[in-house]
Structure formats: structure tokens, C-alpha cells
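Data block below; observations after.
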Amino acid sequence: MVNHAIAASLMAADLTHLGDEIAAMTHAGIDAFHWDITDGHFVPNLNFGPDHIKQTRSLTPVYFDVHLMVSKPEHWIDIMAGAGADAISFHAELSSDRTTLIKNIHDRDCDAGIAFNPETPLSVIDLKLWQNIDRIIIMTVKPGFGGQGFMDQSEKIRQAATLKEKYPHLQIVVDGGINATTAIKARQAGATTLVSGSFLFGQKNNYEAAIGQLRGDAS
């Protein structure tokens, strides 16, 4: 993954033509597809499941970033890796054994990430764990629903950027309310990957230009 990579949040895609949307975004140069996996418990709704990933994996070589918004991520790692995930992230708010979760994700040859709700500080993670984490997902909306407004998490992003100085492999992913304006704020704070749904998929006839705007190609 490169700096200022753009991930398309498929929650905002036209689900009646999901394969076409994936093909169009791939052709436009998207860096990743972001899959929100919900269980109706950790967040009160249901989105995608492993069959969506499995059935679309052959449509694109692009990185599949699976974001588990579920109460028991340990039950989902094998099935998501088997479906075709390249990265699997779980939430810092859970009481699960994080060390074991990270190991299990790596054992399935996937990048391991931890996601943080807006109110959750990075300090809930033991400093010793950061060397084993590949991705931080900093939520800039409440998790689980698309189309929300951006919640400024610049200070948390800057803290993550400080961690990246020590662990250069670390990707800083900002997820929620990302558009041409808020992308600038997130990039300036130190984000390396921006997840966008409504803004990207709202540019039906110009996905390539929308991706470029979020990357800051014109700036």
C-alpha cells in the first residue's frame, strides 16, 4: 500500500450492481476495497458477509480490507481469510485477547489491524503490541452506518503518525465522512489511507477524478 492510498467503502456502492461497481473502481485506479462486516451486535445493523467477499474476489486484484465490526472477531478470522481478505481489522473496544487475534490473522497471511471508535484513545493498546500491528483504522464517524458527517480526529491521527515513525510499516487508515475537503485535513494530520464511500460512489461518471481529489493529486 502506498501513502495516500484510497479505499472504496463498498457499503456505499450500488449493491444491485456490486460486481460492476468493483470493476469500475478497479479500472479507475482504486487502491483498496473496504468491506464493513457487521453482526447486529457490536453495531445494530447488518452489512456484508463472507459470501460477498468470496464471490467478488475473482473480479479484481485490488487489496481487500476487511473491517470486523463484530462482538467476537475470533469467530470470523478463518472464514474471512478463506473468503479472500488481504487485511482483517478488529475493534479496540472489545475485551478479546488482542495478541492472539493478531497472531491468528498473521497466521492466515493477512495484515492485522485495530480500529478505534472516535471516543477511544490509542492508549488502550499496550505499547508492546504496536510492532505487530499493520494497520490502525481511526474512525471519524460512529461505526456501522454510511453517510455520516466527519468527526475531526486530527489529534489521534497525529498520535498515530508518531507511532509510524517508530514502526514505518504501520498504515494509518482514516474511515468515515471522507470527501474532497475532509481528505485534506486527514492527509495533513498524517493519514496514509483514506476510506471513502458516499463521496466516491456519488461520482458515478468520474471515479478516477474523485480518487485523484482524495489523494490530493491536484494539490
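The values are calculated or read from the model by the stated rules, or taken from the named source; none is laboratory data. All of these numbers come straight from a predicted model, not from anything done at the bench. For neighbour counting, all protein chains shown are included, and Cβ atoms are generated from backbone atoms with ideal geometry for every residue, glycine included. Accessible surface is based on the protein model in full, side chains and every heavy atom, while ligands, DNA and RNA are left aside. Shrake-Rupley method; radii C 1.70, N 1.55, O 1.52, S 1.80 Å.
Using the beta-carbon distance between Leu129 and Asn206 and R0 = 30 Å, what value does 1/(1 + (r/R0)^6) give for FRET efficiency, to the nearest 0.05? My answer for the efficiency is 0.15. Computed 3J(HN,Hα) for region 166-179, one whole-Hz value per residue from the Karplus formula 6.51 cos²θ - 1.76 cosθ + 1.60 where θ = phi - 60°, is 7, 10, x, 6, 5, 9, 9, 9, 10, 10, x, x, 7, 9, glycine and proline marked x.
For region 106-118, 3J(HN,Hα) computed residue by residue from phi via the Karplus equation (6.51, -1.76, 1.60; θ = phi - 60°) reads 5, 5, 9, 6, 10, 5, 10, x, 10, 9, 10, 5, x Hz, glycine and proline entered as x. Amide H to amide H, with H built 1.01 Å from N, Thr140 comes under 5 Å of Asp175, Gly176, counting only residues 5 or more places away or on other chains.
Taking all Cα pairs closer than 8 Å and separated by 6 or more residues, the relative contact order of region 1-84 comes to 31 percent. Extending 7 Å from Cα along the Cβ direction at Ala23 and again at Glu93 yields two label points whose distance is 3.8 nm. Counting heavy atoms of the protein chains alone, Thr56 has an accessible area of about 10 Å² for a 1.4 Å probe. Residues whose amide H comes within less than 5 Å of that of Tyr63, counting only those at least five positions distant or on another chain, are Phe33 (H built at 1.01 Å from N in the peptide plane). Measuring r between the beta carbons of Asp152 and Ile79 and using R0 = 25 Å, the FRET efficiency lands at 0.10. Here Ser58 sits with roughly 110 square angstrom of accessible surface, probe radius 1.4 Å. Between region 41-110 and region 136-215, the C-alpha centres lie 20 angstrom from each other.
Exposure check, 1.4 Å probe, all protein chains in place: Thr192 carries approximately 10 Å² of accessible surface. For His41 and Lys142, a Förster radius of 22 Å and the Cβ-Cβ distance give a FRET efficiency of 0.90, rounded to the nearest 0.05.
Measuring against 28 Å, Cα to Cα, the residue pairs Lys54/Lys128; Lys103/Lys185; Lys72/Lys156; Lys54/Lys103; Lys103/Lys156 contain Lys54/Lys128; Lys103/Lys185 as the ones spanning a longer distance.
Cross-link reach is defined here as a Cα-Cα straight distance under 16 Å, omitting same-chain residues fewer than 8 places apart; for Lys142 the aspartates and glutamates meeting it are Asp36, Asp39, Glu93, Glu119, Asp152, Asp175. For region 134-219, the set of trypsin sites (Lys or Arg not before Pro) satisfying both a DSSP loop assignment and a count of at most 13 other C-beta atoms within 10 Å is given as Lys204.
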